[in-house]
Structure formats: structure tokens, C-alpha cells
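Nothing in this text is a laboratory measurement; each read-out follows from the coordinates by a stated rule. Nothing here was measured: the structure is a model prediction, and the numbers come from that model. Glycine gets a Cβ as well: all are built from the backbone with ideal geometry, and neighbour counts include every protein chain shown.
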Amino acid sequence: MSRKNQKAPWEPEEEIIWVSKSEMKRDMEALQKLGEELANLTSNALAKIPLDEDMLSAIKDAQRFKNEARRRQLQYIGKQMRSIDIEPIQTALDKLNNKHSQTTVELKKLEQKRDKLIANGDSMINAILVDHPDADRQRLRQLVRQANKEKAQEKPAKAYREIFQYLKELYMSN
């Protein structure tokens, strides 16, 4: 009998990393979803993502396609992503999504400020004027009165929305 297949005890064995077919499929689907997320971005947002020319071209094609052609193109993008480093792409995408989340949080805070303004009136107006001395006190009082009047008469909340827009201009411009 020959001993061809046996290794000498002093030779180190290579570690074999076994990956299941299901795990490979999950990885491919994750790359495809990342590609789909990229395809759903606007051109301005896409410009902020570090992509090579081939990938950018493939994503722009996916944006143009509909139905089955789009699905196949997204599969192609997922296949292309296997050969590139996706970490910088994922980082840039997370940064874009986080910026959106921060904006959403700021808008919710403004909505709460608006509600307090309508409920408390002059005391809240004074607090706003401390933060923004250039704000128009008279305009704010007028809008608060209109909002309370609309609420009492169950009319459409026009002044309510105007207060939000005014606060948005004040706070988001900084």
C-alpha cells in the first residue's frame, strides 16, 4: 500500500473553512438587496457613494429598467458586488440613511415645539425668542391665535401648518 495521501506529522494542515450553500445564498441576497438600495437612490445621493464606473453604469441601467429586466439587472449587480469591497459602499449608504434619520428626529422635535407653542402661547414664544432673537413675535402670536381659533371652530389647520413652516425656517437654517 502506498502512503501518498497521508501527510507527514511535521507538515501543518491547512484549515478548511466550510460554508453552506444556504449561507452563500444569504450572502448573495444581501448583496442583491444592497444593489437594490443603491438603485433606489437619487442621482445626487448616488454621487456620494464610492462606486467604480462599471457598477455605476449597472445601477443606472437598473434605474431605467422595469419588472423582469430590473430583477435580472439587480441580480447582475449582486454578482458584480461579490468581486468588490462593499464596506466603503455600505458605510456611505449608512451615512446617507443616518442623515435622513437625523432630519426626521429634528422635524419631530419641531412638531412638539409647535404643539407646545399653541398650548402655552406667550411663554413659549418668549422661549423661542431667546433662541432666535430675530424671530417675529407678532407673527408668532398671530399664528398661535389663528391656530387656536381654527381648532375651536373645527376648520382646516392652515395656521397650524404655517407655524410649523415658520419654526422650520427658524431652526433648520442654523
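Rounded, prolate or oblate, given the Cα gyration tensor of region 69-115, with a/c below 1.5 counting as rounded?
Oblate shape, in that a/c is at least 1.5 and b/c is the bigger or equal ratio.
Distance from the Cα centre of region 126-155 to that of region 58-81, in angstrom?
That distance is 50 Å.
Quick one: of Lys109/Lys158; Lys95/Lys158; Lys95/Lys151; Lys66/Lys109; Lys95/Lys168, which pairs are farther than 28 Å apart, Cα to Cα?
Lys95/Lys158; Lys95/Lys151; Lys66/Lys109
Taking only C-alpha pairs under 8 Å that are 6+ residues apart, what is the relative contact order of region 102-172 in percent?
33
What is the percent of Cα-Cα separations in region 21-86 that go past 21 Å?
Working: 379 of 2145 pairs.
Here the tail beyond 21 Å accounts for 18 percent of pairs.
Among Gln153, Tyr166, Leu110, pick out the residue whose Cα is farthest towards the positive end of the charge dipole of region 102-172, where Lys and Arg carry +1 and Asp and Glu carry -1 on C-beta, about the Cα centre.
So the residue we want is Gln153.
From the Cα gyration tensor of region 115-174, with a ≥ b ≥ c the square roots of its eigenvalues, which class applies: rounded if a/c is under 1.5, or else prolate if a/b is larger than b/c, or else oblate? Walk me through the numbers before you get to the answer.
Values: a/c = 2.43, a/b = 1.63, b/c = 1.49.
Prolate, because a/c is 1.5 or more and a/b exceeds b/c.
Give me Rg/Rg_expected for the chain, where Rg uses Cα atoms only and Rg_expected = 2.2 N^0.38 Å with N residues.
Against the empirical 2.2 N^0.38 Å value, I get 1.82 for the chain.
Which value, in debye to the nearest 20, describes the size of the charge dipole of the chain about its Cα centre when Lys and Arg Cβ atoms bear +1, Asp and Glu Cβ atoms bear -1, and nothing else is charged? Can you show the working numbers first?
Details: 33 positive and 28 negative charges, 185 e Å.
Using only the charged Cβ atoms, the result is roughly 900 debye.
Based on Cβ point charges of +1 for Lys and Arg and -1 for Asp and Glu, what charge dipole magnitude is obtained for region 102-172 about its Cα centre, in debye rounded to the nearest 20? Numbers along the way, then the final one.
Details: 15 positive and 11 negative charges, 50 e Å.
Charge dipole of region 102-172: 240 debye, to the nearest 20.
Angle between the Cα long axis of helix 53-64 and the longest principal axis of the chain, 0 to 90 degrees, nearest 10?
60
Please determine, in degrees from 0 to 90 and to the nearest 10, the orientation of helix 87-120 with respect to the longest principal axis defined by the Cα atoms of the chain, where the helix direction is its Cα long axis.
For 87-120 against the chain, the angle is about 20 degrees.
Net charge near Glu29: determine it from the other residues with C-beta under 13 Å of the C-beta of Glu29, scoring Lys and Arg +1 and Asp and Glu -1.
Its environment carries a net charge of +3.
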